[in-house]
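Colleague: There's a structure below that I have some questions on.
Nothing in this text is a laboratory measurement; each read-out follows from the coordinates by a stated rule. On a predicted model such as this, the values are computed, not experimentally measured, just so you know. Every residue, glycine among them, receives a Cβ derived from its backbone with ideal geometry; neighbour counts consider all protein chains shown.
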Amino acid sequence: MSGRILIVDDEEIVLRSCQRILRDDEYEIDVARDGLNALNMVNENDYDVLVLDIKMPKMDGIEVLRRVKEARPEIDVVMITGLHDIGTAVQAMKLGALDYLPKPFEPEDLRMLVGRAFDRRARLRGTLKLDSGSSASYHFENIIGSSPPMQRVYRLIAHCAPTNSTVMLRGDSGTGKELVARAIHYNSLRKDKPFVPVDCTSLSENLLESELFGHVKGSFTGAVSNKKGLFETANGGTLFLDEIGNIPLSTQAKLLRFIEEREFKAVGDTRTQSVDIRLITATNKDLEGMVADGEFRDDLYYRINIFPIEIPPLRDRRDDIPALAAHFLNRFNKDMKHKAGEFSPGAMNLLMNHDWPGNVRELENVVQRAVILASGDVIRQGHLVNIIDMLPRIDLDVPRTSEELKRIKKIARQKSVENVEKHFVLGALKRNGWNVTRAAEETGMQRSNLQALMKKYDIRIRGIEPDSNGEGSDESGAS
């Protein structure tokens with residue numbers, strides 16, 4: 001059996017004993033005699049399993065565990081503890097340790113736990129779909145895209161999916177945070193258990209608490225019977241709290257207690273319940289700013305921000321737009337029994353050069369409306385020009401002082417000029433079939449200057465081929 005293990009203990013006899021026990025299974029074994037040295041070795045090497053003592057000088061095992069799970073959540077950790085430290089070992093399990101081994105232990109017990117860790121990793125390798133040599137590497141439960149920003153997201157999914165670590169997904173509305181949460185769940189050992197999403201925006205304070213934790217009959221007006229909460233429903237699986245920044249402070253306190261103790265009480269109940277769930281949260285808000293303003297608990301923030309994943313906006317992954325648009329086109333063709341099989345080059349250029357403030361969700365809506373409007377087998381530029389606004393939005397705060405007014409007026413003038421420039425370039429390209437040379441000639445600009453403006457505003461041209469007359473053929477037949 002191959003694999004790499006780091007054993008961390010301040011007692012030389014324990015290190016030698018563990019090495020001797022595990023060497024028979026042909027593992028590659030390193031040792032560290034304190035927590036700080038162990039963290040340095042974890043940062044510099046790829047370990048599969050960490051065998052970690054709880055009581056050590058400089059930094060105890062609990063702190064080492066916490067830091068390892070934040071930086072490398074895929075590493076399985078087996079804790080070694082004295083009999084009087086069982087309570088601390090249980091705390092380690094809550095922080096993500098695989099199991100614990102009380103001293104003194106039998107050699108077979110250590111072999112069994114380490115073997116269990118490697119068996120678990122082998123099973124997970126069979127469930128993970130990430131394969132850098134295959135086109136399927138870009139499809140995690142309907143997540144589409146092969147751009148560098150999305151490849152980084154896939155790598156993070158692959159790292160955290162095998163673990164029980166709490167994950168925070170951050171990104172603008174419409175970027176697909178729930179799809180990423182589902183990908184993490186369905187590529188984990190919990191994939192056969194429930195995935196339970198909760199939209200924290202749509203529920204009032206009282207209703208949210210009841211939905212999450214459940215309630216007992218008579219606990220409030222309208223509670224005519226006992227109700228099981230979503231925490232209980234998700235037992236064994238994953239609970240996804242979308243837009244967690246909208247949870248009121250009173251509910252935040254109860255959520256924090258659950259994360260720390262893995263226990264909760266239903267509304268109106270005196271009994272404590274315990275469930276085994278993985279927590280994934282998502283937000284499009286500035287939680288750090290909310291913490292500073294007292295609108296979000298700092299202790300809860302640090303508990304849920306164990307493994308953050310930033311989902312890029314569509315404007316930062318424009319290379320994925322053709323694949324996404326084709327995916328939505330195929331789907332809506334089937335739903336509507338339509339025959340629009342492709343986008344014309346001009347239509348695709350419009351899609352590529354829109355800023356997509358609504359992200360993937362906005363693109364999905366635009367494609368759906370274009371399919372409804374299209375009468376032939378090609379979606380053309382004319383089907384889109386009245387659907388998407390090619391001008392970037394200007395979102396400026398209302399000034400409160402004269403200095404702010406001067407600053408915002410300066411920004412507004414700059415943005416207005418940029419809007420006009422971008423509209424100027426896009427209009428010239430559209431009128432000339434996305435032919436840069438003809439657009440430059442029509443506007444009286446040098447081609448290099450027009451190209452410089454295109455680069456400035458990230459305006460891209462894909463697949464334009466002039467017809468035999470030298471004219472862009474995109475708009476023929478456009479409606």
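Colleague: Quick query: amide H of Lys103 versus all other amide H atoms, modeled in the peptide plane; which residues come in under 5 Å with a sequence gap of 5 or more or a different chain?
Modeller: Thr81, Gly82, Leu83
Colleague: What nm distance separates the two modelled labels at Met93 and Arg111, each placed 7 Å from Cα along Cα→Cβ?
Modeller: Output for this residue pair reads 2.5 nm.
Colleague: Using only DSSP helix segments of four residues or longer, with each worth -39500 (n - 2.57), what per-residue ellipticity at 222 nm results for the chain after dividing by its residue count and rounding to 500? Before the final figure, lay out each step's value.
Modeller: Numbers: 19 runs with 217 residues, N = 479.
Per the formula, -14000 deg cm²/dmol.
Colleague: Another question about this same structure. At 0.36 nm per residue, minus the direct Cα-Cα distance, what do Arg4 and Glu28 gain on full extension? Give it in nm, one decimal, please. The partial results should precede the final answer.
Modeller: On the way: separation 24, 0.36 × 24 = 8.64 nm, distance 0.47 nm.
Answer, rounded to one decimal: 8.2 nm.
Colleague: How big is the Cα convex hull of the chain in projection, averaged over all directions, in nm²?
Modeller: On the way: hull surface 124.9 nm².
Answer in nm², one decimal: 31.2.
Colleague: While we're looking at this one, here's another question. Subtracting the Cα-Cα distance from 0.36 nm times the residue separation, let me have the gained length for Arg121 to Glu260 in nm, one decimal.
Modeller: 47.4 nm
Colleague: Amide H to amide H, which residues 5 or more places from Val378 or on other chains are under 5 Å from it, using H placed in the peptide plane?
Modeller: Residues meeting the amide H criterion: Gly341.
Colleague: On to the next question. Please list 3J(HN,Hα) in residue order for region 266-281, calculated via the Karplus relation 6.51 cos²θ - 1.76 cosθ + 1.60 where θ = phi - 60°; whole Hz, with x for glycine and proline.
Modeller: Couplings: 5, 4, x, 9, 9, 7, 9, 10, 10, 9, 10, 9, 9, 10, 10, 10 Hz.
Colleague: Let me ask you something else. Given points 7 Å out from each Cα along the Cα-Cβ axis, report the Asn226 to Lys334 separation in nanometres with one decimal.
Modeller: 4.2
Colleague: A further question follows. How would you order 343-352, 186-195, 236-245 from highest to lowest mean count of nearby Cβ atoms within 10 Å?
Modeller: 343-352, 236-245, 186-195
Colleague: Say R0 is 22 Å: what FRET efficiency, to the nearest 0.05, do Asp60 and Gln19 get from their beta-carbon distance? Could the numbers behind the result be given before it?
Modeller: Details: r = 22 Å, r/R0 = 1.01.
Efficiency, from the Cβ-Cβ distance: 0.50.
Colleague: Of Lys55/Lys94; Lys191/Lys337; Lys339/Lys455, which pairs sit farther than 29 Å apart, going by alpha carbon to alpha carbon? It would help to have the intermediate numbers written out before the result.
Modeller: On the way: Lys55/Lys94 18 Å; Lys191/Lys337 33 Å; Lys339/Lys455 35 Å.
Violating the 29 Å limit, Cα to Cα: Lys191/Lys337; Lys339/Lys455.
Colleague: As an exercise, use a Förster radius of 25 Å and the Cβ-Cβ distance of Arg361 and Arg407 to find the FRET efficiency, rounded to the nearest 0.05. Provide the component values of the computation, followed by the final result.
Modeller: Details: r = 33 Å, r/R0 = 1.30.
E between Arg361 and Arg407, to the nearest 0.05, is 0.15.
Colleague: Same structure, new question: Towards the positive end of the charge dipole of the chain, with charges on Cβ (+1 Lys, Arg; -1 Asp, Glu), say which of Leu314, Thr281, Tyr27 has the farthest Cα.
Modeller: Of the candidates, Leu314 comes out farthest on the positive side.
Colleague: At 0.36 nm per residue, and after removing the present C-alpha to C-alpha distance, how many nm does the segment from Ala253 to Val420 gain when stretched out fully?
Modeller: Working: separation 167, 0.36 × 167 = 60.12 nm, distance 4.95 nm.
Net length gain for the segment: 55.2 nm.
Colleague: Please compute the Cα-Cα pair-distance distribution of region 4-127 with 10 Å bins starting at 0, giving whole percents from short to long.
Modeller: P(r) over region 4-127, rounded to whole percents: 13, 51, 33, 3.
Colleague: Another question, then. What residues have an amide H closer than 5 Å to that of Ile309, excluding those fewer than 5 places away on the same chain, when H is modeled at 1.01 Å from N in the peptide plane?
Modeller: Correct list: Met168, Leu169, Arg170.
Colleague: Can you find, among Tyr154, Ala292, Ile388, the residue sitting farthest towards the positive end of the charge dipole of the chain, where Lys and Arg contribute +1 and Asp and Glu -1 at Cβ?
Modeller: Positive-end residue among those listed: Ile388.
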